[in-house]
Amino acid sequence: MITQADLPDRIPVFPLPGALLLPRARLPLHIFEPRYLAMLDDTLKTSHRLIGMIQPREGEGAGLNAIGCAGRVTGFSETEDGRYMITLAGISRFRLRSQIEGFTPYIRADVEWTGFERDLGNQEQDAHFRRETFMDLLARFLEMRGLSTDWDNLREADDELLINSLGMLLPFDVGDKQALLEAPSLVDRRETLTALMEIALHTGEEGSEVMQ
C-alpha cells in the first residue's frame, strides 16, 4: 500500500477546468497540446508516474486552487497523429505550496500531502446513505438536465464508486467541482452532491446533454 512517505514533494500539475479526479477513481484524458505531451513524456520516466490535476480559480489570471488530486498514469495509447489517450488512477489529494520556476513548458509544483491520509486508506463507506432516496433525486436531476445514463451500472456500484463517479461526471461548474474535491469524507461529498442537485432542481436549470 502507498504511504505518504512514498509520495514525491514535486509533481507536474495539469490545470484543467471541470476535470475532477478523486482518490480511487479513474479519469480518462486526451493529451494533445505540445506542453502536456512533454509533461506526459517526462512523467513516464519517473517511478511514481504522478500527475496532479488541479482546477484553475475562476476569473482570468486568478491562478490555481489550493487543493488538487494526483493520479498515477495507469494506461495510455497513442494515435497516429501523435496524440495520447491516458488514464489516471486517483491516488491522493494534495495542497499546492508553490509553483516551481524552471524551463519546462508545463507547470511543476511543490506540494504537501498532509491532511489527506484517508485518501491512501481503504475504500470509504457511508453508513447513513439512503440510496433509494438519492437515486430518485438523481433521476429527477438527470431528467431536468436532459441527461441519460446506464442505470444498471449505477445500481450495482458501491457507495464510494457511485458518489465519486457522479461527482466527476455530472455537469457542475468549477466552483462546485472544487467543493466536491475538498469534501473531507465520502459522507461530506455525498451531502455536497445532494445539495448541488437539489439547488439545480430548485432553480430549474435546463440543458440537453448525455452523461457517458
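Remarks
- The peptide list 46-54, 192-200, 127-135, put in order of mean Cβ contacts within 10 Å with the highest first, becomes 46-54, 192-200, 127-135.
- Residue 64 long-range amide H proximity, modeled H, under 5 Å: 57
- Given +1 at the Cβ of Lys and Arg, -1 at the Cβ of Asp and Glu and no other charges, the dipole of the chain around its Cα centre is 540 debye to the nearest 20.
- Hz values of 3J(HN,Hα) by residue in segment 180-187 - Karplus curve (6.51, -1.76, 1.60), Gly and Pro given as x: 5, 5, 7, 4, x, 9, 4, 4
- Computed from label points 7 Å out along Cα-Cβ, the spacing between residue 173 and residue 117 is 3.7 nm.
- Cα-based shape type of segment 131-203, given that a ≥ b ≥ c are square roots of the gyration tensor eigenvalues and the cut on a/c is 1.5: oblate
- Label-to-label distance for residue 104 and residue 76 is 1.2 nm, based on points extended 7 Å past Cα in the beta-carbon direction.
- Most to least packed among 11-17, 90-96 [average Cβ atoms within 10 Å]: 90-96, 11-17
- Percent of beta bridges antiparallel (DSSP, the chain, rounded to nearest 5): 90 percent
- As a calculated quantity, the FRET efficiency between residue 203 and residue 130 at R0 = 25 Å, using C-beta atoms, amounts to about 0.60.
- Note on 151, 113: ascending count of other Cβ atoms within 10 Å places them as 151, 113, the fewest first.
- Phi angles of segment 102-109 translate, via the Karplus equation with coefficients 6.51, -1.76, 1.60 and θ = phi - 60°, into HN-Hα couplings of x, 9, 6, x, 10, 8, 10, 9 Hz per residue; Gly and Pro are given as x.
- Mean Cα-pair separation over length for segment 77-212, i.e. relative contact order, pairs under 8 Å, 6 or more apart, %: 25 percent
No lab work stands behind these numbers, since they all come straight from the coordinates. All of these numbers come straight from a predicted model, not from anything done at the bench. Methodologically, a virtual Cβ is constructed for each residue, glycine included, from the backbone with ideal geometry; neighbour enumeration extends over all protein chains shown.
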